[in-house]
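Enquirer: I have a structure I would like to understand better, so I am pasting it below and will then ask my questions one at a time.
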Amino acid sequence: MKERSNKRQGIWQIIVIAAILACMGVWIGMSFYYDFAFQPQNIKRGLDLNGGVSITYEAKDKSSATEQQMEDALSKFQKRAEAFSTESNVYLEGKYRINVDIPGAKDAQEVLASLGSAGNIYFIYAEDKNGKVNVTTNAEGKYVLARSLEDIINDGGVVVDGSAISSAEGSTVIDQMNRTSNIVSLEFKPEGTTAFKEATAWCAGQSNMRNRIAIVYDGEVVSCPGVRETIADGKAQIDNMESLAVAQNLATIVRIGALPIEVVPIRSNIVGATLGSKALSTSLLAGLIGFILVCIFMILFYRIPGLAASVSLIMYLGIVVALMLAFDVTLTLPGIAGIILSVGMAVDANVIIFTRIREEIATGKTVRSSIKLGYSKATSAIVDGNVTTLIAALVLYFLGSGVIKGFAITLGIGIVVSMFSGLCVTRWIMNCFYNLGATKSSLYGRETRKRQLKIVENWKIYTAISGSIIVLCIVMLFVNRSQIDNALNYGLDFVGGSSVQVNFENEIPKRAEVEALVQSAIGETCSVSEVKGENAIIIKTKAFLDDDNTMSGGDGSKTLQSLKNAIVAKYGVSESSIETETISGTVSGEMKRDAIMAVIIATICMLIYIWIRFSNIAFATSAVVALIHDVLVVLCLYAAARITVDTSFIACMLTLVGYSINATIVIFDRIRENMRSMLHKDSLKDVVNRSISETFTRSINTSITTLLTVVVLIILGVESIRIFAVPLAVGLVCGTYSSICITGTLWYGFKTRFGKKK
């Protein structure tokens, strides 16, 4: 009777699963191509995958704009642009221009209106200490300037200007009486704090207009709040705003006006995908094929559990897509890297569990009991591995910027969902199959007798292999330094270059054709994007235009004129239709510093977490040393093959960090478990070797399933995707090698040489 009830329950559960799968399939497909109103392209995509709006600003007064002011303005524009998308690119174009690329946007004028034309902002006395009235009201009751701003500045009526402002945010707060109020929170820099303290101390004791400090932007009074008390800490609030939108708009004006120089927009257009129109479609196709191959592998190797994992992965993807939509995540190449890593970790969670279930079945336990024990024993490794990587994702999100933050968002979402998928969804599906009658142990695979690997004994071989690769890496860095002036082959994202816009009278040529033409003319690779709504393309190459009209960074004999001549000869356009500008790297110095600082802090946080969880500093130290080893090996590939180092390099390295740590945690978890049950005759060396042997299949299978998608990307992806996928594949193989051959050996060395002897 109970068996019949279980079967009935299993049938209903399978029907529910089938319905969920159908909904997930439709959901995933529509999310990439249609929204609920059947409008195309629901998921936001980055500039590299889908293009967006590009706006160029220029310093209004070039004679007074310094290099430092332009750098400061660049930094502030980056923060402002990230309000639209974390994947926005901001870089210098020439000496006095700032280019802002915002992915996914379709209306250049709308973005321009929201981003603003950055003029000067001043906080002034409405009536100064000498009795001069600076602000009055017009017939409509609106605050306006009573005299020219120039006179106010000359007479000392300015409290602070935009350079003294640190931040401004609009928000809604609830007071102790449960009343809501829309406010603007202002924060001043140290020099602004002192000046604002003196001004508010004087205004607080006055009446009428003397009690007010006006905010003037571009010659217009945008707000004129009264002063209730002295503000000494540099943090002020403008309360009782009409609405949240009004508060946020004022905050935006203050932030924009805080630029150290005044800039004006000179050009705005919509550009095409920098990776090419086929980059997303080929990536999705490769992802689909890789996903199918992963499912086939899981089913063939793990049988019923593999089928359950495949179903669970479809649900996993559906949930990830839903969360990306809910959090308005922009999908870019680094974002795809985060998804690949999180899918690999989702599969890895299942592989760890299934390996445990097989081990329990091999001891003679029932299938149901083995499933229960398998999940129980695998949970610690799954949680530790995922939490460690999640710590890295959180640090990267809060400290990183641009592509770093985009990678962190997709990775964080994927990790949380993968834990839920592996520990809850897959288990539920497996119980459904069990209730339907899948109770034979053969349906769950048989555990083969594990050969005891001698890993620790061969430490000299691993040291020689790894040491040789690292030495080669160092040598290649010096060789590159002498031959190409840089240790690595930095791309346009890092070193900048030249931007060439070509306007055509007829049809725009194909992307591959233009790339080949540029390569032939100046010996440099380039990126090509279309300007939507115009018959034009933008060519970006890391070669620079020097004062003598030569393109540096490549063959010195090749000139910009060579490129112009080639374009004119090939397409019959006039030379006047070709515009050129020097551009800075889109990966700004601040972004590089953010990335380095984020990775260092993330590594320290992971080390501390591993130290606490495993109660042994040797585990944490071994994991970090192995991580550094993996990074150096991939760096060696970039140096030796002179692969272009661009934003995909950052994504590749961050993916490797997450994968390497996760693979190491699994082995450390088994060492910790085996140490608790070790016999008197067992040596520490035996424990390490046995632990690595027991997790060997898991390590290989996880690598295979993760590599399947990456290899398909290499085969089917466009060149820009392939440049990212090849080093990633090498990194995944290296991460597997280090987790099997290096981490346990390092831990054994630390324990025997520096640990307490019993």
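Enquirer: Alpha carbon centre of the range 415-494 versus the range 632-690: separation in Å?
Expert: So the two Cα centres are separated by 7 Å.
Enquirer: Moving to a separate point now. Just to check, using Stokes-Einstein with a Kirkwood Rh over alpha carbon pairs, what's the diffusion coefficient of the range 283-414 at 37 °C and 0.692 mPa s in µm²/s?
Expert: D, rounded to a whole number, is 205 µm²/s.
Enquirer: Carbon-plus-sulfur fraction of the accessible area of the range 669-739, 1.4 Å probe, in percent?
Expert: C and S fraction of accessible area: 67 percent.
Enquirer: Can you give the FRET efficiency for Gln237 and Thr580, using 1/(1 + (r/R0)^6), R0 = 51 Å, r = Cβ-Cβ distance, to the nearest 0.05?
Expert: Computed FRET efficiency for Gln237 and Thr580 comes out at 0.60.
Enquirer: Same structure again: In Å and on Cα atoms, what radius of gyration and Dmax does the range 682-758 show?
Expert: 17.2, 58
Enquirer: What distance in nm separates the two pseudo spin-label positions at Ala322 and Arg179, each 7 Å out from Cα along the beta-carbon direction?
Expert: 4.1 nm
Enquirer: Using +1 on the beta carbon of Lys and Arg, -1 on that of Asp and Glu, and nothing else charged, what's the dipole of the range 366-481 about the Cα centre, debye to 20?
Expert: 480 debye
Enquirer: Something else: Please compute, for the alpha-carbon atoms of the range 459-512, the extent along each of the three principal axes and give them in descending order in Å.
Expert: Principal extents (largest minus smallest coordinate, Cα): 66, 23, 16 Å.
Enquirer: Taking θ = phi - 60°, what integer Hz values does the Karplus form 6.51 cos²θ - 1.76 cosθ + 1.60 yield along the range 730-747, in sequence order, with x for Gly and Pro?
Expert: 4, x, 5, 5, 5, x, 5, 4, 5, 5, 7, 9, 10, 4, x, 5, 4, 4
Enquirer: Right, here's the next one. Suppose R0 equals 56 Å. What FRET efficiency, 1/(1 + (r/R0)^6) with r the Cβ-Cβ distance, do Lys454 and Ser520 give to the nearest 0.05?
Expert: 0.50
Enquirer: Moving on. Where Lys and Arg each count +1 and Asp and Glu each count -1, what net charge lies around Ile415 among other residues with Cβ under 15 Å from its Cβ?
Expert: Values: positive: none; negative: Asp348, Asp384.
In short, -2.
Enquirer: Further question: What length, rounded to one decimal in nm, is gained on full extension from Thr363 through to Ser380, with 0.36 nm per residue of separation minus their alpha-carbon distance?
Expert: So the extension gain works out to 4.0 nm.
Enquirer: Please give the net charge around Ser499, taking every other residue with its beta carbon less than 12 angstrom from that of Ser499, where Lys and Arg add +1 and Asp and Glu add -1.
Expert: Details: positive: Arg97, Arg267, Lys540, Lys542; negative: Glu93, Asp101, Glu579, Glu581.
Neighbour charge sum, excluding Ser499 itself: 0.
Enquirer: Still on this model: Regarding the range 338-407, what whole-number volume in Å³ per residue does the convex hull of its Cα atoms give?
Expert: Residue-normalised Cα hull volume stands at 66 Å³.
Enquirer: When a/c is below 1.5 the answer is rounded, else prolate if a/b is larger than b/c, else oblate, so apply that to the range 441-482 with a ≥ b ≥ c taken from the square roots of the Cα gyration tensor eigenvalues.
Expert: Oblate shape, in that a/c is at least 1.5 and b/c is the bigger or equal ratio.
Enquirer: Starting from the Cα of Ile601, step 7 Å along the direction of its Cβ; do the same at Val264; then give the gap between the two resulting points in nm.
Expert: The answer from the label model is 4.0 nm.
Enquirer: Over the range 594-716, one equal point on each Cα, no solvent: what is log10 I(q)/I(0) by the Debye formula at q = 0.11, 0.13, 0.15, 0.22 Å⁻¹?
Expert: Those come out to -0.49, -0.66, -0.84, -1.35, one per q.
Enquirer: With a ≥ b ≥ c taken as the square roots of the eigenvalues of the C-alpha gyration tensor of the range 361-468, please select rounded if a/c is under 1.5 and otherwise prolate if a/b is larger than b/c or oblate if it is not?
Expert: Since a/c reaches 1.5 but b/c is at least a/b, the shape of the range 361-468 is classed as oblate.
The values are calculated or read from the model by the stated rules, or taken from the named source; none is laboratory data. Not measured: the values here are computed from a predicted model. For neighbour counting, all protein chains shown are included, and Cβ atoms are generated from backbone atoms with ideal geometry for every residue, glycine included. Just the protein is used for accessible areas: all its heavy atoms, side chains included, with ligands, DNA and RNA removed. Shrake-Rupley method; radii C 1.70, N 1.55, O 1.52, S 1.80 Å.
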